[in-house]
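Chemist: One structure, as structure tokens, below. Some questions next.
The values are calculated or read from the model by the stated rules, or taken from the named source; none is laboratory data. A quick note: this is a predicted structure, and the numbers were derived from the prediction, not measured. Glycine also receives a Cβ, built like all others from the backbone with ideal geometry; neighbour counts cover every protein chain displayed. Ligands, DNA and RNA are stripped out before the accessible areas are found, and what is left, the full protein with its side chains, is counted by its heavy atoms. Shrake-Rupley method; radii C 1.70, N 1.55, O 1.52, S 1.80 Å.
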Amino acid sequence: MTEEMKRSRLRIILSLVLFLIAMLFSIPTIGKNILFFVAYLIVGYDVILKAFSNVFKGEVFDENFLMSIATIGAFLIGEYPEAVVVMFLYQVGELFQDYAVDESRKSVASLMDIRPDYANVYRKGEFLKVDPNQVAVGDIILIKPGEKIPLDGIVVEGSSMLNTLALTGEAVPWRVAKNDEVLSGCINNEGVLKVKVTKKFGESTVSKILDLVENASSRKSKSENFIRKFAHYYTPIVVLIAVVLALVPPLVFQADFHTWIYRALSFLVVSCPCALVISVPLSFFAGIGASSKIGVLVKGSNYLEALAHTEIIVCDKTGTLTEGVFKVQNVKAVGIRKEELLKYTAYAECFSLHPIALSIKEAYGKKIDEKKVLKTKEWKGKGVRAVVDSKEVLVGNQKLMEEYHIKYQKSKDIGTVLYVAIDQKFVGTITIADKIKKDSYRAMKDWKENKVNKIVMLTGDREEISQEVAKELKLDSYYAELLPQDKVEKVDQLMTEKTPNGKLLFLGDGINDAPVLALSDIGVAMGGLGSDAAIEAADIVIMTDEPSKIASAIQIAKKTMKIVKENIIFAITVKIVVLFLCAFGLASMWAAVFADVGVSVLAVINALRILKVKS
């Protein structure tokens, strides 16, 4: 609880005590009125000051003005208890709303808690505690167990497990050792780390994420803009109606002034648009907070609103639906053992730095004695030839086998197939492919359950590989062998297939897909942990490499929009009904208080339900 909230609570309690003394004890009328007046000033002086201050700023018609006029008017016509109670309940409602906003902020508290307070930097032979802004690139910093990593860098000494929960929404720790990259905002769980700083604090991961979250509220949704415009025109109109209500019946029809002024004041209390002005932005703020808890950063409520209307999801393949890492998927040996086939292939590829060669050496997993490898030769687009333990080894594609007139068995595997021959004899194949993420299967199921009409994959990969991935994941359609400009053309075409209110979401890595991210209604970058380009290019950033988190974010967005609509309909309906009742004298100021404060509190409670949404 903030200091301001504590002071507000104290004022409310003190005002209530004075009000109850005046109501319950036998005190002379003048004494009662003084107690009512003092209780009113204690609980409402800040509202009155804000009202007058805003009038001089040109902001006349706000809730402070309405509450001040209504309660001061109640005092002037002798309705002292009503005046105190209206202001008292208004302040109780405001305090409750402050609690609600504080509760919403707690939903992003773990994320905001990543801001480092200090850095232990090596200066003049010792480690000094300084502000992270004072640390330069190339400095060595020390991170002890339990401390936050203040800046991005490379580990130069030590090893540890890092807690990345605040960044990714995942509780699984991340192991780092010498030469590994570490990101600001993570918490060091175990050992002492010495890290060489690679980015200034203002350019670090933690700074970019904090800036993103803190500025998310600046991008307003259509619903928020509608409410703001509604309140701008609605409030002056109801004030004018209240003035007419107070003056016309007494002056034209000789009705009782006291009765009609009371009705007009009740009308003003009801007319306050607090329930809408507070609950709608709070709903979106809670939605953004709930998303951040699961590692999905939404850059504004406009994107959260758009996410709720997602009809088409377009995905990149490599690194999005697949792991983006070449791995040996299948080894088929002919006439020799699999281990032996893998050994000769690894030795033949031992001097190559090609990703395929690296994946074979990783699959072999043993130390390679390079002295055993002689006379190596590599042909671009075909393969390699090497002499290993006095045996000629050929590793490559079909063209290499045909060039050496070697009879081979054609493989039907999907992926990059390496044909291997030893001493002019075919001995088997090794298939290397990019593996589909386990989470991709879940993502497809979850997206369909969230009523996504169409899922499309765009990739620059070969037709047969793309077809297999599309078939395995049961995609609606796919387009293969695309250049970057082709992807833009396909997305532009798909944009015409959605309904007028529907949205197209593109999911990619945020680095190579910037044009498509910009063209789509919602650009989502995945694997944003440590990726500056991802954080800057997209409207929404998933901090991990799990595409299924989009489904959780859509669920939160839909829940947010449902609650926003509920609050708008509920608040407007109640206010219109009670406004008519007050105008015809069928409702007292007590009913007016409920229509204002009560509706506001109920709308705020409803908005907080968003924080309970679980992925």
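Chemist: Mind listing just one residue for me: the one in segment 127-181 that is open to solvent by less than 50 Å² (accessible area, probe 1.4 Å), under 26 Å from the mean Cα position of the chain (by Cα) and small (Gly, Ala, Ser) and, of those, modelled with the highest pLDDT?
Modeler: Only one residue tops the list, namely Gly153.
Chemist: Condition test on Gly324, is it outside any strand (DSSP E or B) and surrounded by fewer than 21 Cβ atoms within 10 Å (Cβ to Cβ)? Spell out how you get there, then give the answer.
Modeler: Working: outside any strand (DSSP E or B): no; surrounded by fewer than 21 Cβ atoms within 10 Å (Cβ to Cβ): yes.
The answer is no for Gly324.
Chemist: Return a yes/no flag: does segment 298-311 have any residue that is in contact with a Pro (Cβ under 6 Å, 6 or more places away or on another chain) and at pLDDT below 85. Reasoning before the result, please.
Modeler: Filtering segment 298-311 for residues in contact with a Pro (Cβ under 6 Å, 6 or more places away or on another chain) gives none.
No: zero hits.
Chemist: Name the pairs whose Cβ atoms lie under 7 Å apart, with the first residue in segment 178-200 and in a loop (DSSP other than H, G, I, E, B), the second among the hydroxyl-bearing types (Ser, Thr, Tyr) and surrounded by 15 or more Cβ atoms within 10 Å (Cβ to Cβ), and 6 or more positions between them or separate chains?
Modeler: Leu183/Thr205; Ser184/Ser204; Ser184/Thr205; Gly185/Thr205; Cys186/Thr164; Asn189/Ser160; Glu190/Ser160; Gly191/Ser160
Chemist: From the list Lys391, Lys407, Lys380, pick out the single residue that is surrounded by fewer than 20 Cβ atoms within 10 Å (Cβ to Cβ) and at pLDDT below 90. Don't jump to the end; show me each part of the working.
Modeler: Values: Lys391 fails: at pLDDT below 90; Lys407 fails: at pLDDT below 90.
Result of the check over Lys391, Lys407, Lys380: Lys380.
Chemist: Quick test of your reading of the structure: Leu245 fulfils all but one of (1) open to solvent by 10 Å² or more (accessible area, probe 1.4 Å); (2) within 21 Å of Leu504 (Cβ to Cβ). Name the failing condition by number.
Modeler: (2)
Chemist: Does any residue of segment 410-418 turn out to be modelled with pLDDT of 85 or more and among the charged types (D, E, K, R)? Give the derivation first.
Modeler: Start the filter on segment 410-418 by keeping residues that are modelled with pLDDT of 85 or more, which leaves 410-411, 417-418.
Right, trim to among the charged types (D, E, K, R) and you get 410.
Checking segment 410-418: at least one residue is modelled with pLDDT of 85 or more and among the charged types (D, E, K, R).
Chemist: Which pairs do you get when a residue that is within 27 Å of Met561 (Cα to Cα), found in segment 486-501, comes within reach of a residue that is surrounded by 10 or more Cβ atoms within 10 Å (Cβ to Cβ) and acidic (Asp, Glu), reach meaning Cβ atoms under 9 angstrom, with the pair 6+ apart or on two chains?
Modeler: Matching pairs, first to second residue: Met495/Asp521; Glu497/Glu311; Lys498/Glu311; Lys498/Asp521; Thr499/Glu311; Asn501/Glu311.
Chemist: Continuing with the same structure: Return a yes/no flag: does segment 461-475 have any residue that is in a strand (DSSP E or B), open to solvent by less than 40 Å² (accessible area, probe 1.4 Å), touching a Leu at 6+ places or on another chain (Cβ under 9 Å) and under 13 Å from Val314 (Cβ atoms). Steps first, please.
Modeler: Kept after step one, since they are in a strand (DSSP E or B), are these residues of segment 461-475: none.
There is no residue in segment 461-475 that is in a strand (DSSP E or B), open to solvent by less than 40 Å² (accessible area, probe 1.4 Å), touching a Leu at 6+ places or on another chain (Cβ under 9 Å) and under 13 Å from Val314 (Cβ atoms).
Chemist: Just name the residue that is farthest from Thr416 (Cα to Cα) out of those in segment 327-351 that are aliphatic (A, V, I, L, M) and surrounded by 15 or more Cβ atoms within 10 Å (Cβ to Cβ).
Modeler: Ile336
Chemist: Can you name every one of the helices (runs of 4 or more DSSP H) wholly within segment 544-615 that holds 2 or more residues which are at pLDDT 90 or above, within 30 Å of Tyr303 (Cα to Cα) and open to solvent by 30 Å² or more (accessible area, probe 1.4 Å)? Break it down into steps so the answer makes sense when it comes.
Modeler: Values: elements: 549-583, 589-593, 599-608.
Answer list for segment 544-615: 549-583.
Chemist: Based on what the data block shows, is Lys559 touching a Pro at 6+ places or on another chain (Cβ under 9 Å) and more than 25 Å from Asp513 (Cα to Cα)? Can you show your working first?
Modeler: Values: touching a Pro at 6+ places or on another chain (Cβ under 9 Å): no; more than 25 Å from Asp513 (Cα to Cα): yes.
Criteria not met by Lys559.
Chemist: Conditions: (1) under 15 Å from Thr431 (Cα atoms); (2) assigned to a loop (DSSP other than H, G, I, E, B); (3) modelled with pLDDT of 90 or more. Leu342 meets all but one. Number of the miss?
Modeler: Status for Leu342: all satisfied but (2).
Chemist: Sticking with this structure for a sec: Can you pull out every residue in segment 298-313 that is in a strand (DSSP E or B) and crowded, with 24+ Cβ neighbours inside 10 Å? Show your work before the answer.
Modeler: Going through segment 298-313, the residues in a strand (DSSP E or B) turn out to be 298, 310-313.
Val298, Thr310, Ile313, listed by residue number.
Here's the yes/no breakdown for (1) out of contact with any helix residue (DSSP H, G or I) (no Cβ under 6 Å at 6 or more places or on another chain); (2) assigned to a helix (DSSP H, G or I):
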residue: Arg7; (1), (2): yes, yes
residue: Met23; (1), (2): yes, yes
residue: Ile30; (1), (2): yes, yes
residue: Phe36; (1), (2): no, yes
residue: Glu59; (1), (2): yes, no
residue: Gly78; (1), (2): yes, no
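Chemist: Of the conditions (1) part of a loop (DSSP other than H, G, I, E, B); (2) touching a residue at least 24 places away in the same chain (Cβ under 8 Å), Ile368 satisfies every one except a single condition; which number is it?
Modeler: In the conditions (1) part of a loop (DSSP other than H, G, I, E, B); (2) touching a residue at least 24 places away in the same chain (Cβ under 8 Å), Ile368 misses (2) alone.
Chemist: Also, quick follow-up: Scan segment 488-512 residue by residue and report those that are open to solvent by less than 10 Å² (accessible area, probe 1.4 Å) and farther than 13 Å from Asp539 by Cα.
Modeler: Let us first name the residues in segment 488-512 that are open to solvent by less than 10 Å² (accessible area, probe 1.4 Å), namely 491, 494, 502, 504-508, 510.
Scanning segment 488-512 gives Val491, Leu494, Gly502.
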